[in-house]
Amino acid sequence: MFGFPFSGPFGAFPQFMDEEMDQDFYEQFPQQEDVDNKELYEILEIPPQSDIATVKQAYKTLAKKYHPDRPGGNQQKFQLIQKANEVLSDPEKKKIYDKQGKQGLLRKLNVKNQQFKKCDPFKLEHKITLKDVYQGAYHKKTLTNVQRTCESCQGQGGQQPSNCKSCKGQKIVQMLVQVQPGLNVVQQAPCPDCKGKGQIFLKENECKQCKGAGRIDGEVEIEIPIEKGVPDEYCVKLYGKGNQKPGYENGDVYVYLQIEQHPQYIRKGTDLFYQKTISLKESLTGLNLELETLDDKIINVTTNQIIKPNSIMTVKEKGLPTFKDELHFGDLHIQFNIEFPTQLNQNIKNQIVEILPGPNSTMKNGNTYKLEEFQLGEFEKHLAKQEENEEDDPNQIGVECSIF
Ligand SMILES: [Zn+2]
Ligand SMILES: [Zn+2]
C-alpha cells in the first residue's frame, strides 16, 4: 500500500473508486498517451529517470532546505518532497512510476485495495455459563440475516446482461472532480450506474431469488469455541464465516461472550467466591462440607479451626483455569455466615455457662450499688422507625446549607 492519499500531488479520485467492481477493470483502463512520470522528479529538482542514489541525495539536500523548523522552511513543499522520495526511493514504486506514471501507481493502489476489500463483520452477543468457562465448550448456533452469495445466480444477479446505457458498456465515465476548492478537472471514473461493471440486467432477466443483487439474507451455522478461563465480554472472531458479497473477501463473525450469573459462585478474575451458611456448632467444633464444583465433582472441604462470622477461608487452586494457561487455576474462597440458634432453654444456657470461658452475666461484676438497667432491643428496626418519623413530620424543614 502506498503511503499517500488520493488527493495531493496526484489529484483527487472519486470516492466510489474502491466500491465493488471487476478486478480486470483496471487492466482495461485506457492507457494515456502522455504518461505523467516527471512531476515527482521535478519536485526533487532532478532529471527524470534519475537513479535511486541521486533521488536520495536530492531528498537529503531539499529536506534540509525546506524543513519547517528551519528559517525559510516550507511545510507544504517539505511534504511534497517527502512523498516524492517515498515513491522514487522504493525500487518497486519507482519502476511503476517511471513506466506508467501516477496513473500506474493509482491503479496499483486500487487493485491492492480491491484485493483486501472485505465484507463488514457480522456481530452478535452469546450467553455462556460459568461452567462453560471452567470446562471449555463448543456451542453451535444458527445465525439468521447473514448476507450470502445468491446460489441460483451464483452472485451474478441475473442472466443475459446487457450493456449499461450510462457508460455504453465502457465501465467508465467522464466526471467533473474537485481537485481543490475552485479547481475542477474532468477525470475518468468508474460508472456509478453499473458500479464499473459495464453491464446491467433487464428486469425480466434479473434473478428472481435475489432481485439482481447477487446476494440474499440467509442462515449460517457456526460453532463458537469457548476457551477455558475466557474473560467476560471476550470477542471470539470466526474468520470468513460472515457476510458474503461478490468480488469481496468473506466477512468475519464477531461473537461477544457474556457470562451468565451463577447461582452459587461469583467470579473475580480466576478466583471464585462462594457464600456458605453454617451452624454455630459447625463454626465452633469444625467443618466437614461437601461442595459441588464447576467440573461437576463433589469435593470435601474440612477444617478444625473455629470459623468467625463473615470470615473467608480459601481452598487453593479450586478456582477457574487461567485463560490461555489452563493448567494454572485460581483459588476458591468461601465466606461464612454463621446461623445462630433462635432460642435456647435455661438448661442449655446453664450448660453453656459451664463450658464456655468469659465473664458470667449473672455475677454483676461485684458492684455493691444497684445500677439502672436497660433492655437491649433490635438495632435495625429502631433505625427504620426513626427514618419513617422524619419523612412523616411535615414541620421538619430540610437544611440546605449552613453559613458560618
Ligand atoms: Zn440471484
Ligand atoms: Zn455503466
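In table form, for the structure just shown:
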| quantity | calculated |
| --- | --- |
| Relative packing of 370-378, 338-346, which averages over residues the other C-beta atoms within 10 Å, highest first | 338-346, 370-378 |
| For region 265-339: accessible area per residue (Å², 1.4 Å) | 61 Å² |
| Options Leu320, Asn304, Leu284, ranked by Cα towards positive dipole end of region 265-339, top entry (Cβ charges) | Leu284 |
| Cα-Cα over 31 Å, subset of Lys141/Lys208; Lys241/Lys316; Lys95/Lys168; Lys281/Lys318; Lys297/Lys349; Lys83/Lys241 | Lys241/Lys316; Lys95/Lys168; Lys297/Lys349; Lys83/Lys241 |
| Vicinal HN-Hα couplings computed from phi for region 322-331 (Karplus, 6.51 cos²θ - 1.76 cosθ + 1.60; Hz; Gly/Pro x) | 6, 4, 6, 8, 6, 7, 9, 10, x, 9 |
| Glu378 versus Lys38: modelled label distance in nm, points set 7 Å from Cα along the beta carbon direction | 10.0 nm |
| Dipole in debye (nearest 20) - region 145-288, about Cα centre, beta carbon charges: Lys, Arg +1; Asp, Glu -1 | 580 debye |
| Cα shape, region 91-205, gyration tensor, a/c 1.5 rule | oblate |
| Region 265-339 shape via C-alpha gyration tensor axes, a/c threshold 1.5 | prolate |
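The values are calculated or read from the model by the stated rules, or taken from the named source; none is laboratory data. Predicted model, so just to flag it, every value in this text is computed and none were measured. Please note: Cβ atoms are built from the backbone with ideal geometry, for glycine as well, and neighbour counts cover all protein chains shown. Just so you know, the surface numbers come from the protein's heavy atoms only, side chains and all, with ligands and any DNA or RNA stripped out. Shrake-Rupley method; radii C 1.70, N 1.55, O 1.52, S 1.80 Å.
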